[in-house]
Amino acid sequence: MRPEFLVREARLEEVERLCDFQVAMALESEGLTLDRDTVRRGIQSFLQRPDEGTYYVITQDEVPVGCAMVQHEWSDWRARRVLWLHSVFVIPAYRRRGALRSLYAFLQDRVQRDPGLAGIRLYVDKENSQAEDSYRRLGMTDAHYKLFEWLKSES
């Protein structure tokens, strides 16, 4: 019997591990090489602003094997917050073993118990069919929304 996965809030002293996860995730899922210092600053800043959301760590035997960033979005249509799931990463050796399912169940339970929460949303790179399949297996559906963006140049 393999040990179960547990989900807990990330700690500030885990910034380097979270940075490792995010740099690996961007390269794997979108072919992007991220600037490690920028990612580190971004994670540190987010961890110090709990009103924005929470970074979670997925562990097995107390060893971090994955993570996700959850941001809060206010929905005026629902008069409640929606949790936006970002930056999901699970170490390849732990995939298809229940790590993502544990994270999702943890967040669903949180939404079910908190009357101030309406649901969970996420976006997936349109080329990342493996991630899409994983989220569908969890019971998530393709929303009827399309994502549009404008990002200023980093230069």
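Quick notes on this structure:
- Verdict on SER87 being of a type in the set (Gly, Ala, Ser), part of a helix (DSSP H, G or I) and under 25 Å from GLU30 (Cα atoms): no
- The C-beta contact set for the range 31-57 (first residue without any contact (Cβ under 8 Å) to a residue 12 or more places away in the chain, second residue among the hydrophobic types (A, V, I, L, M, F, W, C) and assigned to a helix (DSSP H, G or I), distance under 7 angstrom, 6+ apart or interchain) comprises LEU32/ALA26; THR33/LEU27.
- Each residue in the range 10-29 was checked for being surrounded by 12 or more Cβ atoms within 10 Å (Cβ to Cβ) and either farther than 13 Å from VAL90 by Cα or free of Cβ contacts under 8 Å to residues at least 40 places away in the same chain (or both), and 10 pass.
- Of the listed requirements (1) touching a strand residue (DSSP E or B) at 6+ places or on another chain (Cβ under 6 Å); (2) assigned to a loop (DSSP other than H, G, I, E, B); (3) of a type in the set (Phe, Trp, Tyr), TRP150 misses just one: (1).
- GLN60 under 18 Å from ARG11 (Cα atoms) and surrounded by fewer than 18 Cβ atoms within 10 Å (Cβ to Cβ): no
- Hits in the range 28-47 - residues which are modelled with pLDDT of 95 or more, within 26 Å of SER129 (Cβ to Cβ) and under 16 Å from the mean Cα position of the chain (by Cα): VAL39
Residues are listed down the side, and each one gets a yes or a no for (1) in contact with a Lys or Arg (Cβ under 8 Å, 6 or more places away or on another chain); (2) outside any strand (DSSP E or B):
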| residue | (1), (2) |
| --- | --- |
| ARG41 | no, yes |
| ARG78 | no, yes |
| ARG81 | no, no |
| ALA93 | no, yes |
| ARG97 | yes, yes |
| LEU100 | no, yes |
| ALA105 | no, yes |
| GLN112 | no, yes |
| PRO115 | yes, yes |
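- Positions within the range 84-134 being without any contact (Cβ under 8 Å) to a residue 60 or more places away in the chain, of a type in the set (D, E, K, R) and within 25 Å of GLU149 (Cβ to Cβ), in sequence order: ARG121, LYS126, GLU132, ASP133
- Residue among ALA99, ALA118 that is within 20 Å of GLN22 (Cβ to Cβ) and of a type in the set (Gly, Ala, Ser): ALA99
The values are calculated or read from the model by the stated rules, or taken from the named source; none is laboratory data. The structure displayed is predicted, hence computed values, not measured ones. Here Cβ is always computed from backbone atoms with ideal geometry, including for glycine, and neighbour counts include all displayed protein chains.
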